[in-house]
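Written below as structure tokens is the structure these notes are about.
The values are calculated or read from the model by the stated rules, or taken from the named source; none is laboratory data. This is a predicted model, so every value here is computed, not measured. For neighbour counting, all protein chains shown are included, and Cβ atoms are generated from backbone atoms with ideal geometry for every residue, glycine included.
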Amino acid sequence: MPPPTGHDSWRTYLHEVIFEADTPAGKTFDVILLISILLSVFAVLLESVNEIRIEHYFLLRSAEWVFTGLFTVEYLLRLFCVRRPLKYAFSFFGIVDLLAILPTYLSLFFVGTQALIVIRALRLLRVFRVFKLVRYVGEASVLMEAMRASRAKITVFLVAVLSIILIVGSSMYLIEGGQPESGFTSIPASIYWTIVTMTTVGFGDITPQTLAGKTLASAVMILGYGIIAVPTGIVTAELSTARRKTITTQSCPVCAREGHDVDATHCKFCGAKL
């Protein structure tokens with residue numbers, strides 16, 4: 001791309017470098033960004049180890065401020081590149097980008113908040129665009145479409161499960177309530193046991209003591225295996241009918257949304273020209 005000569009040209013050029021991976025400059029920028037994110041997260045992990053923090057505290061803190069400074073500049077450039085900064089700021093990646101730098105600044109006023117910068121790991125989702133894994137981006141869109149299509153069915157399923165949990169929990173309290181050593185001291189405690197048992201986790205901190213309680217527990221365990229398979233079947237059925245289409249990783253210069261069709265000339269979300 002030729003060197004920019006005006007304000008709009010600079011904005012267009014920076015948008016292609018920062019938001020796109022189609023050009024060598026854009027790909028280089030994103031690769032460097034991902035490496036920086038990995039190093040910054042690694043520094044936070046090291047700082048959480050007491051021995052390393054004591055011996056290399058100044059080095060780790062200095063590195064953290066350097067990374068935060070770089071990510072702050074990058075965040076401001078992203079806002080400058082798009083024509084609707086507020087729209088990007090409140091988008092998923094916009095919020096993640098902001099959360100990636102806020103904890104370090106908040107640590108000046110609140111001790112310990114710098115540990116929250118592991119949120120930066122979410123920014124590694126950009127790796128799909130960097131390495132042009134369009135196929136995986138397309139498959140992700142199919143999965144999201146299937147999840148949206150099965151939302152109503154899953155909601156009904158969850159309501160049914162919650163009803164069963166409430167009924168079983170209340171029943172176990174009636175059965176085992178006279179046995180304090182069993183742990184069923186209240187209906188909420190019995191509901192907790194029901195959830196743990198139905199999800200096949202089985203902590204074992206609360207166990208039925210009576211024959212009736214053990215019988216009901218056995219039924220709940222068997223029911224749990226069947227319940228686990230239901231949402232999987234719902235989503236799988238929707239996946240088989242979800243519409244598959246080829247998309248690109250091109251980013252809209254106005255709303256910064258991705259996932260456009262290969263032959264698209266305008267953004268399907270805001271109508272801006274691509």
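Residues in the range 60-96 that are of a type outside the set (A, V, I, L, M, F, W, C), part of a helix (DSSP H, G or I) and within 16 Å of H15 (Cα to Cα): how many? Count: 7. Within the range 106-152, the residues that satisfy the criterion of being at pLDDT below 65 and aromatic (F, W, Y) are F128, F131, Y136. When P208 is tested against the conditions (1) over 27 Å from the mean Cα position of the chain (by Cα); (2) in a helix (DSSP H, G or I), the lone failure is (2). Do you know which of the residues in the range 177-205 that are in a helix (DSSP H, G or I) and of a type in the set (F, W, Y) is surrounded by the most Cβ atoms within 10 Å (Cβ to Cβ)? By that ranking, first place goes to W193.
Please indicate, with yes or no, whether at least one residue in the range 167-177 is closer than 18 Å to G226 by Cα and not polar (S, T, N, Q).
As a first pass, look at the range 167-177 and keep what is closer than 18 Å to G226 by Cα: 167-168.
With the extra rule that they be not polar (S, T, N, Q), the set shrinks to 167-168.
Checked against the condition, which is being closer than 18 Å to G226 by Cα and not polar (S, T, N, Q), the range 167-177 yields at least one hit.
Close contacts from the range 161-179, counting a first residue that is free of Cβ contacts under 8 Å to residues at least 40 places away in the same chain and a second that is part of a loop (DSSP other than H, G, I, E, B) and surrounded by 19 or more Cβ atoms within 10 Å (Cβ to Cβ), with Cβ to Cβ under 7 Å and a gap of 6+ residues or different chains, come to Y173/F184; E176/F184; E176/P208; G177/F184.
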